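What follows is one structure encoded as structure tokens, with my remarks underneath.
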Amino acid sequence: MTITVPKGYATKGDVVLYDFIMQNAATGWKRPIYFAVTTGAEAYLGLEEYFQLEGLAYRLVPIKNTQDEMQQGGRVKTDIMYENIMKFEWGGLDKPGVSLDENCTRMASNMRMQMATLASALINKGQKAKAEKVLDLCLEKMPDANVRFEATLYTIIAGYYQLGKMDKAMKLSTQLFDIFENDLKVFNKQKAVHRSSFNREIGQSKEIMRRLTMLADQFRQEAYSKELMKRLTANVPMEELMPQEQQGQPAMQ
């Protein structure tokens with residue numbers, strides 16, 4: 001299968017890169033081409049349909065992602081990515097007292113998201129033992145004390161629920177719910193003129209709390225789901241408890 005060059009990319013750099021890709025394709029893809037996962041979509045030149053996740057990089061391959069794969073964030077080469085992640089050198093990220101600047105924190109959060117993506121792909125393939133190892137490693141190497149729990153932890157929690165590890169899922173769920181519940185309380189105490197500056201953060205807090213509640217209900221943790229719902233409705237009016245896409249609010253990042 002050949003790669004179709006998207007329209008709208010006409011800068012000199014784009015032309016050079018596309019020429020490089022086509023020359024490589026002509027030689028049978030002997031030299032792999034990778035794009036970092038940490039760059040923005042503008043750096044991908046519209047080629048995402050041909051990306052294959054292998055770690056912290058996408059490999060460009062002459063295989064178009066299926067619609068299902070695209071809906072799940074793209075194809076994941078689970079065997080290669082699992083091997084890569086399990087042999088990562090973490091550079092002391094898990095050591096007590098380590099201090100991370102904004103860039104390092106953002107990179108670590110991205111890593112947490114990629115590991116959750118791998119775990120989900122492994123679960124879909126029935127490789128649950130490997131998936132649990134990935135999730136456990138993620139929490140071991142990026143603890144809350146060093147890499148603050150934030151929205152990306154939701155996918156880790158969902159992974160544990162899918163694996164049937166309810167104790168792990170609910171423990172993390174409570175931690176994440178606490179964080180965004182406390183954030184929301186702080187936002188709600190602000191004067192209206194100031195609170196409007198945090199609409200995105202307020203929307204995200206409500207959405208994550210709602211999703212955690214629904215996730216517990218989905219996996220039949222009725223008592224826990226009722227507990228979260230009680231806390232949720234104490235902070236958010238019932239009429240606002242609909243998906244953000246129905247409210248025109250910013251989606252969870």
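Comparing mean-square fluctuations of L139, L45, L122 from a GNM of the chain with C-alpha springs under 10 Å, the top value falls on L45. Restricting the trypsin sites (Lys or Arg not before Pro) of segment 110-199 to loop positions (DSSP other than H, G, I, E, B) with no more than 11 neighbouring Cβ atoms within 10 Å leaves K189, K191. Computed on the chain, the Cα convex hull volume stands at 173 Å³ per residue. List, in the order given, every pair from K95/K168; K125/K230; K133/K206; K125/K226; K77/K141 whose Cα-Cα distance in the structure shown is over 28 Å. Pairs exceeding the cut-off: K125/K230; K133/K206; K125/K226.
For Y58, Y160, what's the largest-to-smallest order of accessible area, 1.4 Å probe?
Numbers: Y58 45, Y160 0 Å².
Descending accessible area places them as Y58, Y160.
What does the charge count near I63 come to, summing +1 for each Lys or Arg and -1 for each Asp or Glu among other residues with Cβ under 11 Å from its Cβ? Intermediate values should be presented prior to the final figure.
Details: positive: R59, K64, R75, K77; negative: E49, E69.
Computed value for this residue: +2.
Scanning the chain for DSSP H helices at least 18 Å long along the axis (C-alpha atoms) with a Kyte-Doolittle mean no lower than 1.6 picks out nothing. In the chain, helices alone account for a calculated mean residue ellipticity at 222 nm of -18000 deg cm²/dmol, with every DSSP H run of four or more residues adding -39,500 (n - 2.57).
The values are calculated or read from the model by the stated rules, or taken from the named source; none is laboratory data. Keep in mind that what you see is a predicted model, and the values were worked out from it rather than measured. Note: ideal-geometry Cβ built from the backbone for every residue, glycine included; neighbour counts use all protein chains shown. Keep in mind that these areas ignore ligands, DNA and RNA; they rest on the heavy atoms of the full protein, side chains included. Shrake-Rupley method; radii C 1.70, N 1.55, O 1.52, S 1.80 Å.
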